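A.B. asks: Below: one structure in structure tokens.
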Amino acid sequence: MLTVALAGKPNAGKSTFFRAATMADVDVGNYPFTTIDPNRGVSYVRTRCPCLDREERCGDEHCHDGKRYVPVELLDVAGLVPGAHEGRGLGNQFLDELTNADVILHVVDAAGATDEEGEPVEVGAHDPVEDVDFVEREMDLWLASILDRNWETVERQSRSPDFDVDDALTEVLTGVGATEADVARALRDLEYPEDPIQWTDDERQALASDIRERTKPIVVVANKADVAPPENLQRLKERNEATIPTTADGELALRNAADAGVVDYDPGDAEFEIVGDLSDQQAQGLEQIREVMVDNGGTGVQRALDTAVYDVLEYFTAYPVQDETHWTDGQGSVLPDAFLLPDGSTPTDLAYAVHSDIGDGYLHAVDARKDMRISDEEELEEGSVVKIVSTAN
């Protein structure tokens, strides 16, 4: 399962976003460090279910009339403050938790109503763009500090006649979530000495920054968009194209209202319908949320998750089936499983995603949409429905 991590300074709304996206019971408070121990939960990205191409909907619990929700892990940990890479606040704990994250949602107080420490101030008093800069800088310095701590070992290794600086750096950086390919591409784009003793702090920091950009891509969640000055939202978008105006409070209210049966709403919808009785105060609150949704095409919570996985990471959803005619598993369930795969994945990759034994015993695959056998090297795409034929079936 992919891991999406929530980053940001204290009191920006990370815990509210987490609760809205997972409906988990977590502490939410208007004070710094509401979250101390990491919260882990399951959230979902939303996509078009292939059942829409058939006469009947699939009926899967994660499909709401053709809106398919695919699970991802969501991680919310302690907020960052300046100096986090040196352990200030709960910084080291937070940053270490990011090691295995695939993508980061940086929750920013777009209203500028909290200072750099997360303390409340007047709306517009703080520049949220500074928060985007500071989180990236803290992550870069954190990775650079890991390189620094391991550099003496790398220098000792360099005395060996078969020493290779690329191999040594790969060993260090794969420990913070980078793949061998990530390290190879980063080193290919940098000029650096073969002798690690000759490396400068600037060269180590340049490598750390490059690795962070490759392995920890960031989507900016411009939270509190309902009260944010419009110029703040615009400047955040100019700073990071992947910026999503969001009201985590609004999403949480809608999900609670949907659970109570007073609104008809699915996560990611651009609008909602009131179907139950409301007090005047509740109705007024929902209308305020509706205004934000009209301006931004929704509350932004689901869109942020979808942007992170489908657009930034460039993953897609594939559906393995046992019966290519009816798109069912062995029990007759239609489209029972959905897997997120990186762009360029093949039927063999899907087989291994289902189970290592299925992958080891892979024989061939059938495109269920076309009812024809496909090449083992064919690249699958969003909405692919595939029968995997394996000795382990």
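A.B. asks: Under a crude label model (7 Å from the Cα following the beta-carbon direction), how far is THR99 from VAL227 in nanometres?
C.D. replies: Distance between label points: 3.8 nm.
A.B. asks: Here's another thing I want to ask about it. Can you list residues whose amide H is under 5 Å from SER384's amide H, if they're 5+ apart or on another chain and H is modeled 1.01 Å from N?
C.D. replies: Amide H neighbours of SER384: TYR319.
A.B. asks: Out of the range 304-388, which trypsin sites (Lys or Arg not before Pro) are coil in DSSP terms and have no more than 13 other C-beta atoms within 10 Å?
C.D. replies: LYS370
A.B. asks: May I ask you to derive the FRET efficiency for ASP323 and GLU203 from their Cβ-Cβ distance with R0 = 35 Å, giving the value to the nearest 0.05?
C.D. replies: Efficiency at R0 = 35 Å is approximately 0.05.
A.B. asks: May I ask you to give the percent of accessible area on the chain that is carbon plus sulfur, with a probe radius of 1.4 Å? All intermediate terms of the calculation are to be shown ahead of the outcome.
C.D. replies: Numbers: 7650 of 18340 Å².
Summing carbon and sulfur atoms, their accessible area is 42 percent of the total for the chain.
A.B. asks: Roughly how far apart, in whole Å, are the Cα centres of the range 299-318 and the range 324-393?
C.D. replies: Using only Cα atoms, the two centres lie 22 Å from each other.
A.B. asks: Find the accessible area per residue for the chain; the probe is 1.4 Å, ligands and nucleic acids are left out, and the unit is Å².
C.D. replies: Value for the chain: 47 Å² per residue.
A.B. asks: Let me ask something additional. Assuming a viscosity of 0.890 mPa s and a temperature of 25 °C, what translational diffusion coefficient in µm² per second does Stokes-Einstein assign to the chain, Rh being the Kirkwood radius over Cα pairs?
C.D. replies: Taking Rh from Cα pairs, D becomes 107 µm²/s.
A.B. asks: Hey, how many Å between the Cα centroid of the range 269-295 and the Cα centroid of the range 150-215?
C.D. replies: After rounding, the separation between the Cα centres reads 53 Å.
A.B. asks: Further, regarding this structure: Does the range 101-148 classify as rounded, prolate or oblate by the C-alpha gyration tensor (a ≥ b ≥ c root eigenvalues; a/c under 1.5 gives rounded; else a/b over b/c gives prolate, otherwise oblate)?
C.D. replies: It is prolate, given that a/c is not under 1.5 and a/b is the larger ratio.
A.B. asks: Here's something else I'd like to know. Once you put a point 7 Å from the Cα of ASP195 and another 7 Å from the Cα of ASP295, both along the Cβ direction, what distance in nm separates them?
C.D. replies: Placing both labels 7 Å beyond Cα along the Cβ direction yields 6.0 nm.
A.B. asks: How long is the gain from SER158 to ASP343 if the chain were fully straight, where each residue apart is worth 0.36 nm and the alpha carbon distance is subtracted?
C.D. replies: Once the chain is fully extended between SER158 and ASP343, it gains 62.9 nm.
A.B. asks: Tell me which residues come under 5 Å, amide H to amide H, from TYR44 once H is placed; ignore anything under 5 positions away on its chain.
C.D. replies: Sorted by chain and number, the residues that satisfy this are VAL72.
A.B. asks: Select from ARG156, ARG185, ARG204 the residue whose mean-square fluctuation is largest in a Gaussian network model of the chain (Cα-Cα springs shorter than 10 Å).
C.D. replies: Top of the fluctuation ranking is ARG156.
A.B. asks: Tell me, what HN-Hα J-couplings in whole Hz come from the Karplus equation 6.51 cos²θ - 1.76 cosθ + 1.60 at θ = phi - 60° for each residue of the range 168-173, using x for Gly and Pro?
C.D. replies: 5, 6, 4, 4, 6, 7
A.B. asks: Can you compute the modelled spin-label distance between ASP280 and THR174, with each label point 7 Å from Cα toward Cβ, in nm?
C.D. replies: 6.7 nm
A.B. asks: Hey, another quick one. Given 0.36 nm per residue, what is the gain on full extension from GLN234 to MET372 after removing their alpha carbon distance, in nm? It would help to have the intermediate numbers written out before the result.
C.D. replies: Working: separation 138, 0.36 × 138 = 49.68 nm, distance 4.85 nm.
Using 0.36 nm per residue and subtracting the Cα-Cα distance, I get 44.8 nm.
A.B. asks: Step through the residues of the range 322-331 one at a time and calculate ³J(HN,Hα) from phi using the Karplus curve (6.51 cos²θ - 1.76 cosθ + 1.60, θ = phi - 60°), rounding each to whole Hz and writing x for Gly and Pro.
C.D. replies: 9, 10, 6, 7, 9, 6, 10, 8, x, 9
A.B. asks: For the range 237-350, what class follows from the C-alpha gyration tensor (a ≥ b ≥ c being the square roots of its eigenvalues): rounded when a/c is under 1.5, otherwise prolate if a/b is larger than b/c, else oblate?
C.D. replies: oblate
A.B. asks: While we're looking at this one, here's another question. Among ALA184, ALA308, ALA351, which one moves the most in a GNM of the chain with springs linking Cα atoms closer than 10 Å?
C.D. replies: Among ALA184, ALA308, ALA351, the largest mean-square fluctuation in the Gaussian network model of the chain belongs to ALA184.
A.B. asks: What ranking of MET23, MET139 comes out by heavy-atom accessible area, probe 1.4 Å, highest first?
C.D. replies: Correct descending sequence by accessible area is MET23, MET139.
A.B. asks: Then there is this: Count the lysine pairs in the chain whose Cα atoms sit under 15 Å apart, keeping only pairs 8 or more residues apart in sequence or on different chains.
C.D. replies: Values: LYS9/LYS224; LYS14/LYS224; LYS224/LYS237; LYS370/LYS387.
Count of close lysine pairs: 4.
A.B. asks: Still on this structure, I have one more. Under 10 Å, Cα contacts only: if you run a Gaussian network model on the chain, which one of VAL227, VAL275, VAL366 comes out with the highest mean-square fluctuation?
C.D. replies: The residue with the greatest mean-square fluctuation here is VAL275.
The values are calculated or read from the model by the stated rules, or taken from the named source; none is laboratory data. Remember, predicted model here, so these are calculated numbers, not experimental data. Positions of Cβ are generated from backbone atoms using ideal geometry, with glycine treated the same way; all protein chains shown enter the neighbour counts. Side chains are part of the model used for accessible areas, which takes the heavy atoms of the whole protein and leaves out ligands, DNA and RNA. Shrake-Rupley method; radii C 1.70, N 1.55, O 1.52, S 1.80 Å.
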